Amino acid sequence: MSHHIIEVTKLQHVYPDGTIAIKDVSFRITHGESVAIIGANGAGKSTLLQHLNGSLNATSGQIRIGDTQLTQGTLPNIRRTVGMVFQYPDDQLFMPTVFEDVAFGPLNLGLSGSEIERCVTEALERVGAEHLRAKPPYHLSGGEKKRVAIATVLAMSPDILVMDEPTSGLDPFARRQLISLLRDFKHTKIFTSHDLDMVLDLCQRTIILHEGTVMADGPTSDIFRNETLLSACRLEKPFSMQGCPVCGRT
Amino acid sequence: MISINAAVIDLKRLDLLANSNSLIHSLDARAKVIVTFIFIVSVVSFGKYECARLLPFLIFPVVTILLANLPPLYFVRKIVLLCPFILMVGLFNPVFDRTVLYHIGQIGISGGWVSLASLLIRSILTIGAAFLLVGTTGFTATCQTLERVGIPQFFVVQLLFLHRYLFVLADETSRTSRARELRSCGKKGLGISSFGSLVGHLLLRTWLRAERIHTAMLARGFTGQIHALRQSHFGMYELCFVLGWSLIFISLRMLDIPDALRTLAAGFAQ
C-alpha cells in the first residue's frame, strides 16, 4: 500500500521567463488522506499539481510516489498510479465518444476486449454516467463532462487522485453531486480549489500555498479558524463558517 | 457570430442524425464507405459533357434518404449552400468552350454550358453521397473505417481531433467575436487591426489548449499510438448491400438508360 504515499521534498519550479512559481515546497501525504492545496490566484497550486505526475519537470527538489522516485524512467508507472483530473474537462475529453475516451487509458495500459468493456463500464457506473457512453463529449453538460473526466482517470485504477478545481463551473446541484461522489472514493486525494466549503466537506488536511511557498499545513478546521493566516494569504473563511449575512450570527 | 453558432448547431445535427436507428444506420460502416466510394467513382468517371446519364444515379441518395428516415430538406439545403462554390469552379467553361453541341429550337447550346451543367450534377451527387455517408454512419465511424481501408492513422487522427475540437474552437471564436462586437458600439470594431489581434489570440489559445490536451493524453499513458476500439460486423446484409448497389452503379455506368428509355418510348409511339 506504500504507493499511495506522496512525498515532496524542497521542490522548486522556475518558468522559462524567470518566474519562480514554487520554491522550497515540502510535504508528505499518506495513504487514504484527503488533502486540499489552497491559495490565492498565482500562488502556484496548479504548477505544484502538474509536478505530481510529471507533467512539469522540477527545477530542483524531489518527488516520491510510494517507494518510487519520479524520474523520466519511472514516469509511465507513476502516471498510472497518480490519476490527474484537469480543471477544464474539454482538455481531458478528446476522443470521439465517452466510451472511447474512458477506454483510452486502459488501452494504453495494454488491456483489450472484454477487460476494456468491464473496466469502462465500471468507471462510468461509478460516476453515474453509464447512460452517456455512446455520446460525443461536446454533447455533454458541464457537470456530465466533469463526471466523465473523472471516469477516464478511474478506469486506469489509480491509487492517488489529483484534481484541479473539481467544482469550478458547476451549478449547485452538480457540485453537491460531485462532492458526494468524491467523498465515497477511498483513494488518497489531493485537490486544489477556491471552493473552501468543498474543502471543509472533503478534506481533513489543508496546505496553504502563498507566493510559491507553504504557509501552513495542518487540520482543515484549525486552518480555517485562523483569520490572520487566511487574510495574509489573501483567503477568507468558507461561507459556512462565516456569520449570517442578515443577523451576523455564526 | 450567429452564423458560427448556427453552423455548429447544424454540424451537431448531422452527428445526431447518425445516431438514429434504421436499416441503413445499422449496417457496418465499411459497407457504406465502399458503396459511397464506388458511387463517387462511377459518377466522376463519365465524360465532361455527360448530363442525362448522370440523372439515374439520383436513385442512390433518394433510396438512402427514404430507408434511413433522413430529413431530405436538411441535405438539400446543405448542398444548395455549396452550389455557388461549384459554379465558381466551372464559371469560365462557357467562355472558353464555345463549340455548339446541341440545339434547342434556334438556340445553340455550347459545350461550356453542357460541361458546367455536368459539373454541377456530378458535384451535387458526390457531395450529397458524402453527406449521406456521414449522416448515416457518423464522422467518427467514417474516419475509423478510412483507417481500416488503409488511410494512414496520422491523417485519420488529425481528422478526428479536428472534428472534436471544431466545436470548442467555434465556441471560443463566437465568445471572442461577441466581446469584440459588444465593445464596437455598432461600428466595425477597430477594423482589420483588432480583427488580426483577435485571430492571433485564438491561435495562441488553440496552441495552449493543444498543449493541455497533449498533457492529458500523456497522463493517461499515451505513447504515440491511438488504439481504436472496433466493434463491427460485416455480415450477409452488408455483403448484399455492397453487391446490390455496386451492380446498379456499374449497370448505370455501362448502359445508357436514358437512351434506352428514349428508344422504348419511340417504339411505343410507333
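Taking residue B:78 as the anchor, which lysines have their alpha carbon closer than 26 Å to its alpha carbon, excluding any fewer than eight residues away along the same chain?
Result set, ordered by chain and number: A:135, B:12, B:32, B:48.
Would you please put B:29-37, B:131-139, B:204-212 in order of how densely packed they are, using the mean number of other Cβ atoms within 10 angstrom per residue and starting with the highest?
B:131-139, B:29-37, B:204-212
For the stretch A:33-46, take each phi angle, set θ = phi - 60°, evaluate the Karplus expression 6.51 cos²θ - 1.76 cosθ + 1.60, and give the result in whole Hz per residue in order, putting x for glycine and proline.
Running phi through 6.51 cos²θ - 1.76 cosθ + 1.60 with θ = phi - 60° gives 6, 10, 10, 9, 10, 10, x, 5, 4, x, 6, x, 4, 5 Hz.
Which aspartates and glutamates have a Cα less than 16 Å from the Cα of residue A:10, not counting those fewer than 8 places away in the same chain?
Partners found: A:24, A:211, A:217.
Ignoring ligands, DNA and RNA, what percent of the accessible area of the stretch B:66-191 is carbon or sulfur (1.4 Å)?
71 percent
What translational diffusion coefficient, to the nearest whole µm²/s, does the protein assembly as shown have by Stokes-Einstein, given a Kirkwood radius computed over alpha-carbon pairs, a temperature of 20 °C and 1.002 mPa s viscosity?
Here the translational diffusion coefficient equals 79 µm²/s.
With each run of n ≥ 4 DSSP H residues scored as -39500 (n - 2.57), what mean residue ellipticity at 222 nm is computed for chain B after dividing by its residue count and rounding to the nearest 500 deg cm²/dmol?
When only DSSP H runs of four or more count, the value is -24000 deg cm²/dmol.
State which helices in chain A qualify, where a helix is a whole DSSP H run, it must extend 15 Å or more along its own axis by its Cα atoms, and its mean Kyte-Doolittle hydropathy must be at least 0.5.
Membrane-span-like by this criterion, though nothing is claimed about a membrane: A:98-108.
Measure off 7 Å from each Cα along the Cα-to-Cβ vector at residue B:204 and residue B:101, then give the distance between these two points in nanometres to one decimal.
5.5 nm
So what is the 222 nm mean residue ellipticity for chain A from helices alone, if each DSSP H run of at least 4 adds -39500 (n - 2.57) and you divide by all residues, rounding to the nearest 500 deg cm²/dmol?
Counting only the DSSP helices, I get -10000 deg cm²/dmol.
Can you give me the distance in nm between label points at residue A:121 and residue B:130, each placed 7 Å from the Cα along the Cα-to-Cβ direction?
3.9 nm
Put a dot 7 Å past each Cα toward the Cβ at residue A:242 and residue B:6; how far apart are the dots in nm?
Taking the simple label geometry, residue B:6 and residue A:242 are separated by 4.5 nm.
Using amide H atoms built 1.01 Å from N in the peptide plane, name the residues 5+ places from residue A:188, or on other chains, whose amide H lies under 5 Å from its own.
Hits under the 5 Å cutoff: A:32, A:161.
Counting only other chains, what is the mean number of Cβ atoms within 10 angstrom of the Cβ of each residue in peptide A:86-93?
If you average over the peptide's residues, the count of other-chain Cβ atoms is 5.
Using r as the Cβ-Cβ distance of residue B:179 and residue A:221, and R0 as 41 Å, what FRET efficiency do you calculate, to the nearest 0.05?
After rounding to 0.05, the efficiency reads 0.45.
With every protein chain left in place, what is the accessible area per residue of the protein assembly as shown in square angstrom, probe 1.4 Å?
Here the per-residue accessible area is 52 Å².
Kyte-Doolittle mean at least 1.0 and Cα extent at least 20 Å along the axis: which DSSP H helices of chain B qualify?
B:2-18, B:29-44, B:72-89, B:111-137, B:236-254
List the residues of the stretch A:98-114 whose backbone N lies under 15 Å from a point placed 7 Å from the Cα of residue A:134 along the Cα-to-Cβ direction.
A:98-100
Pull up the cross-link candidates among the lysines for residue A:237, meaning alpha carbon to alpha carbon under 25 Å and not fewer than 8 places away within one chain.
Excluding near neighbours in sequence, the set is A:45, A:189.
Which of rounded, prolate, oblate describes chain B, given a ≥ b ≥ c as roots of the alpha-carbon gyration tensor eigenvalues and a/c under 1.5 marking rounded, otherwise prolate only if a/b is larger than b/c?
Judged from the Cα gyration tensor, chain B comes out oblate (a/c at least 1.5, b/c at or above a/b).
Using only Cα atoms, locate the centre of the stretch A:1-72 and the centre of the stretch B:122-183, then give the distance between them in Å, rounded to an integer.
A separation of 39 Å, based on Cα centres.
Return the average number of partner chain Cβ atoms within 10 angstrom of each residue Cβ along peptide B:209-218.
6
Can you list residues from other chains, or at least 5 along the same chain, whose modelled amide H is less than 5 Å from the amide H of residue B:102?
Residues meeting the amide H criterion: B:109.
The values are calculated or read from the model by the stated rules, or taken from the named source; none is laboratory data. The structure displayed is predicted, hence computed values, not measured ones. We place every Cβ from the backbone using ideal geometry, glycine too, and count neighbours over all the protein chains shown. Just the protein is used for accessible areas: all its heavy atoms, side chains included, with ligands, DNA and RNA removed. Shrake-Rupley method; radii C 1.70, N 1.55, O 1.52, S 1.80 Å.
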